[in-house]
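> My structure is below; once you've seen it, I'll send some questions.
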Amino acid sequence: MALTPAPGTGPSACRQYSSAVTSEVSRRLTPPERYQFGASVRSLLVPKHDPCGTFRDGELWLSVRTPQGGATLHLARAGGELVATGLGPGAAWVVERADAIAGLRDDVAEFPALAVRHPVVARLARTFSGVRMPATGQVFPRLLRAILEQKVTGNEAHRSYRAICRYFGEPAPGPAGLVLPPEPAAVAASAYWEFHPLGVEQRRTQALLRAAQVAQRLERCADSAEATARMTALPGIGPWTAAEVVRTAFGDPDAVSVGDFHIPNTVAYALAGEPRGTDERMLELLEPFRGHRGRVCDLLAMGGLMAPRYGPRMPVRSFARF
């Protein structure tokens, strides 16, 4: 199904489908025992409001671009099962991948034996034993968000993310009122100054434009390691950004966000009682959990464990007003 610009709009304005006909495909999934649906999929969404997805009334709606076209995935509980329904031209593609998106392909078989190496990790592993890591198979949408999250507060980044999704938005199939993630080609064809009113300065915009130009190659990566190598070869994308992407796109449980402002302190405090930590110290403390180091970081966050905070917080700014 072709996508055509709405009459009287430019290339970066909202588009709409040229036909009202949409496909619908459904599939039933069987989650593991104690599976925690909401906690497993919330990482797919930007907090407070995500134009490309929503989790409400215990149901997930998520828009995606597939090789067959735009699609919306709906995941809902039905007794002990999950019902996955795909809408739109890419319905079959997204439903085939629905179990991975819900985290049901996440292999935790080896983790309990590692978790017992530290009492805090062991306790959190029991508490959140039903949480699984999703794997969307979608690199560019998460890379867009990760680039926007570089060196700014979460509120700033998420405000820009919402603005960019609306600016490049195309209505997603289905009744949820979502938009599809920005089309990489449309992003790549934009001038850097178009992103300034959207709250993004030139440095992050240039990284985003470079990523959009090679998005097709990134989407063809076979695994987390290949995607990390390709992403970090791009100027403006480092280990932190790549780890944020592969943890969601590939469900990589070992991806650690080296260079994060808070995580080294959290790990040092939770695992060693040290109020401050470096990246080197964080990796040292996480080494016994190799293979699941990113999972341990996620567990610490879910458990609300944070190092003591000293000094003022980073101010929330708006580059659109500069």
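> Assign unit charges at the C-beta atoms only (+1 for Lys and Arg, -1 for Asp and Glu), then state the dipole size of region 45-116 relative to its Cα centre in Debye, rounded to the nearest 20.
Roughly 280 debye, rounded to the nearest 20.
> Calculate what fraction, in whole %, of the accessible area of the chain sits on carbon and sulfur atoms when a 1.4 Å probe is rolled over the protein chains.
The value for the chain is 55 percent carbon and sulfur by accessible area.
> In addition: Roughly what would the spin-label model give for Thr232 and Arg203, points 7 Å off Cα along C-beta, in nm?
So the label points at Thr232 and Arg203 sit 2.0 nm apart.
> Over the chain, average the accessible area per residue using a 1.4 Å probe and give it in Å², no decimals.
Values: 14910 Å² over 322 residues.
Here the residues of the chain average 46 Å² of exposed surface.
> Give me the dipole magnitude in Debye, nearest 20, for region 155-288 about the Cα centre, with unit charges on the beta carbon: positive for Lys and Arg, negative for Asp and Glu.
With Lys and Arg at +1 and Asp and Glu at -1, about 500 debye.
> Which of Ala98, Leu73, His158 sits farthest toward the positive end of the charge dipole of the chain, with +1 on the Cβ of Lys and Arg and -1 on the Cβ of Asp and Glu?
The one lying farthest along the dipole's positive direction is His158.
> While we're on this one: Between Thr278 and Glu110, how many nm apart are label points set 7 Å from Cα along the C-beta direction?
In this crude spin-label approximation the distance works out to 2.9 nm.
> How large is ³J(HN,Hα) for each residue in region 251-264, as worked out from phi by the Karplus curve 6.51 cos²θ - 1.76 cosθ + 1.60 (θ = phi - 60°), to whole Hz, x for Gly and Pro?
Computed from phi, the couplings for region 251-264 are x, 6, x, 9, 6, 10, 7, 5, x, 6, 6, 10, 4, x Hz.
> If I take R0 = 30 Å and measure r between the Cβ atoms of Glu96 and Ala301 in this structure, what FRET efficiency does the formula 1/(1 + (r/R0)^6) give, to the nearest 0.05?
That gives a FRET efficiency of 0.50.
> Sticking with this structure for a sec: What nm distance separates the two modelled labels at Arg42 and Ala191, each placed 7 Å from Cα along Cα→Cβ?
Result for the modelled spin labels: 4.2 nm.
The values are calculated or read from the model by the stated rules, or taken from the named source; none is laboratory data. Quick caveat, the model's predicted, so the values are computed rather than measured. Note that each Cβ is placed from the backbone with ideal geometry, even for glycine, and that neighbours are counted across all protein chains shown. Accessible surface is based on the protein model in full, side chains and every heavy atom, while ligands, DNA and RNA are left aside. Shrake-Rupley method; radii C 1.70, N 1.55, O 1.52, S 1.80 Å.
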